[in-house]
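Enquirer: Structure below; questions to follow.
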Amino acid sequence: MNTSFNYFIPTNIIFGAGRIKELATVALPGTKALIVISSGTSMTRFGYLDTVVKALKAQKVETVIFSKVLPNPIVDHVMEGAQMARENGCDFIVGLGGGSSIDSAKSIAVMVNNPGTYWDYIGGGTGKGKPVTEKVLPLIAIPTTAGTGTEADPWTVITNLETKEKIGFGVAGTFPVIAIVDPEMMLSVPAHLTAYQGMDAFFHAAEGYLANVHQPASDLFALDSVKLITKHLPTAVKDGSNMEARTALAWASTQSGMVESTSSCISQHSMEHALSAFDPSVTHGAGLIMLSVSYFSFMAKKVPERFPALAEAMGVDVSKLPESERPMAFITALKQLIKDIDCDGLDLNDYKLDKSQAGALADNAMTAMGFLFTLDPYQMNKEEVVGIFESAFDA
């Protein structure tokens, strides 16, 4: 156990079915909001945007809508959203929707008052790593998916299309001041996205448990999230109206965000970001699923110590197994979970990606988000990273 750590999660998390209505009464951080949503239709089609606008109006808060966010959000839209917020005199930001909308809202909140371009502040890859010196606008996060946990952490992931880099970033000011997590607003998510998003939360937890910066709180959060997702994700994929399953997944996702705040993702996320930087049509959760068996099989062989606890959280009675088989029991359970959520047919070769790109993907992963590799329980070299990519293409 790590016995030297920081614990800092300053977000007021309002959790539970129907609690979106409390947006009309909770103390707000400003009087004019930029609401950031995706370029899709779900926020308007299901009435979520209207619900939020009406709740804010009840508090005499004016609203401006920015609705260009892509599934893999990009720098250009961050800068455009920040300009819109400045021109309209917005003094706080609301991120409404999935992780891409909330991440974009965080990045926009940074750029409203800070000079230059967003990539000036990115610490990895071609970013300039400049410090954020001006005030970050306060942010309210309202997730309508259970996957990223971004409502409970400071992190935001944005893609630079010019350089093919997808890099995470965060400062203390990008923690949401308020997060309203209402599982009733997640009932509309289709089955395949429910699966992808749920597995994103699963891997946040599993990676955070394995990271060399894990701490007592992150271990508790991580193992509980793995347990909840293993139990409830297959149910939600099969029956999206099941409120018990939706509520459990909503909490697992938020809790996995707390794992990211108290521990960290590791290099599986760096490697997936390379995949979706090379082909933005790769949904993040799907990319993680397609990498996962190869990635965790490698890690379980190199550093087996923490894998039996992950297997146990997935419902495996490891005490009945020979000690030598306990770490790989996690891989067996992971394969079964992927099958149970109808994702065993995912194939990297179905995308605009090729096994011959393994070297370039490894370079991208180890450069753009190379920092996460330093948090791995085993320090990989490039040849080993290439091997994991190649194995994932062969799966």
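Coordinate-derived values only; no laboratory data. Computed from a prediction, not measured in an experiment: that's the story for all the values here. Note that each Cβ is placed from the backbone with ideal geometry, even for glycine, and that neighbours are counted across all protein chains shown.
Enquirer: Once you list every other residue whose beta carbon is under 14 Å from the beta carbon of N114, what net charge do they have if Lys and Arg are +1 and Asp and Glu are -1? Show your work: numbers first, answer last.
Expert: Working: positive: R86, K106, K128, K130, K135; negative: D120, E134.
Charge balance in the 14 Å sphere: +3.
Enquirer: Could you tell me whether the stretch 69-124 comes out rounded, prolate or oblate from its Cα gyration tensor? Rule is a ≥ b ≥ c as square roots of the eigenvalues, rounded for a/c under 1.5, then prolate if a/b exceeds b/c, otherwise oblate. List each step's numbers first, then the result.
Expert: On the way: a/c = 1.77, a/b = 1.04, b/c = 1.69.
It comes out oblate by the Cα gyration axes.
Enquirer: How much length would be gained if the chain were fully extended between A191 and N88, taking 0.36 nm per residue of separation minus their Cα-Cα distance, in nm to one decimal?
Expert: Roughly 33.3 nm would be gained on extension.
Enquirer: Assign unit charges at the C-beta atoms only (+1 for Lys and Arg, -1 for Asp and Glu), then state the dipole size of the chain relative to its Cα centre in Debye, rounded to the nearest 20. Write out the running numbers ahead of the final one.
Expert: Details: 29 positive and 42 negative charges, 171 e Å.
So the dipole magnitude of the chain works out to roughly 820 debye.
Enquirer: Next question. S261: net charge of surrounding residues, Cβ under 13 Å, Lys/Arg +1, Asp/Glu -1, itself excluded?
Expert: Working: positive: none; negative: E151, D153, E260.
That works out to -3.
Enquirer: How many angstrom lie between the Cα centre of the stretch 1-38 and the Cα centre of the stretch 283-336?
Expert: Cα centroid of the stretch 1-38 versus Cα centroid of the stretch 283-336: 33 Å apart.
Enquirer: If a/c stays under 1.5 just call it rounded; otherwise compare a/b with b/c (prolate if a/b is bigger, oblate if not). Do that for the stretch 1-120, with a ≥ b ≥ c from the square roots of the Cα gyration tensor eigenvalues.
Expert: Since a/c stays below 1.5, the shape of the stretch 1-120 is classed as rounded.
Enquirer: Using a Gaussian network for the chain with springs between C-alpha atoms less than 10 Å apart, which of these wobbles most: A309, A205, A105?
Expert: Answer for the Gaussian network model of the chain: A309.
Enquirer: Amide H neighbours of E165 under 5 Å, counting only residues 5+ apart in sequence or on other chains, H built in-plane at 1.01 Å?
Expert: N160
Enquirer: For the stretch 52-177, give the magnitude of the charge dipole about the Cα centre (Cβ charges: +1 Lys/Arg, -1 Asp/Glu; no others), in debye to the nearest 20. Show your work: numbers first, answer last.
Expert: Values: 11 positive and 12 negative charges, 35 e Å.
Once rounded to the nearest 20, the dipole reads 160 debye.
Enquirer: Let me ask another. Go through K164/K335; K166/K355; K301/K382 and tell me which ones have a Cα-Cα distance over 22 Å in this structure. Kindly include the intermediate steps, with their values, before the conclusion.
Expert: Values: K164/K335 30 Å; K166/K355 20 Å; K301/K382 17 Å.
Flagged as over cut-off: K164/K335.
Enquirer: Taking R0 as 30 Å, what FRET efficiency do you get between K32 and V213 from their Cβ-Cβ distance, rounded to the nearest 0.05?
Expert: Values: r = 39 Å, r/R0 = 1.29.
Efficiency for this residue pair is about 0.20.
Enquirer: Counting pairs of alpha carbon atoms under 8 Å apart in space and at least six apart in sequence, what relative contact order in percent does the chain give? Before the final figure, lay out the partial values.
Expert: Working: 829 pairs, mean separation 63.0, N = 395.
Computed value for the chain: 16 percent relative contact order.
Enquirer: What is the sum of charges, Lys and Arg at +1 and Asp and Glu at -1, for the other residues whose Cβ falls under 11 Å from the Cβ of L23?
Expert: Values: positive: R19, K21, K54, K57; negative: E22, D182.
Summing Lys and Arg as +1 and Asp and Glu as -1 gives +2.
Enquirer: What is the extension gain from K60 to K21, computed as 0.36 nm multiplied by their sequence separation minus the C-alpha to C-alpha distance, in nm to one decimal? All intermediate terms of the calculation are to be shown ahead of the outcome.
Expert: On the way: separation 39, 0.36 × 39 = 14.04 nm, distance 1.51 nm.
So the extension gain works out to 12.5 nm.
Enquirer: Continuing with this model, one more query. What's the center-to-center distance, using Cα atoms, between the stretch 340-361 and the stretch 190-247 in Å?
Expert: Between the Cα centre of the stretch 340-361 and that of the stretch 190-247, the gap is 22 Å.
Enquirer: Need the full-extension length gain, T163 to N113, defined as separation in residues times 0.36 nm minus the C-alpha distance. One decimal, nm. Don't skip to the answer; put the middle values down first.
Expert: Numbers: separation 50, 0.36 × 50 = 18.00 nm, distance 2.49 nm.
Fully extending the segment from T163 to N113 adds 15.5 nm.
Enquirer: Along the positive direction of the dipole of the stretch 54-207 (beta-carbon charges: Lys, Arg +1; Asp, Glu -1; about the Cα centre), which of A85, G99, G147 reaches farthest?
Expert: Of the options given, the answer is A85.
Enquirer: Pop a pseudo-label 7 angstrom from the Cα along the beta-carbon direction at both K238 and V303 and give the gap in nm to one decimal.
Expert: Spacing of the two 7 Å Cα→Cβ label points: 3.6 nm.
Enquirer: Let me ask you something else. Using +1 at the Cβ of each Lys and Arg and -1 at the Cβ of each Asp and Glu in the chain, identify which of T367, Q336, F8 lies farthest towards the dipole's positive end.
Expert: F8
Enquirer: Please give the peptides 193-200, 86-93, 20-27 ranked by average Cβ packing (other Cβ atoms within 10 Å per residue), highest first, as a rough proxy for protection.
Expert: Numbers: 193-200: 25.4, 86-93: 17.8, 20-27: 14.8.
Put in order of decreasing packing, that is 193-200, 86-93, 20-27.
Enquirer: Rounded, prolate or oblate: which fits the stretch 315-395, taking a ≥ b ≥ c as square roots of the Cα gyration tensor eigenvalues, rounded meaning a/c under 1.5, else prolate when a/b beats b/c? Each step should come with its number before you reach the end.
Expert: Details: a/c = 2.57, a/b = 1.40, b/c = 1.83.
In terms of gyration-tensor shape, oblate.
Enquirer: A further question on this structure: Would you compute, from DSSP H runs of 4+ residues alone, the mean residue ellipticity of the chain at 222 nm, taking -39500 (n - 2.57) per run and dividing by the full residue count, rounded to the nearest 500?
Expert: Numbers: 13 runs with 181 residues, N = 395.
Calculated from helices alone, the mean residue ellipticity at 222 nm is -15000 deg cm²/dmol.
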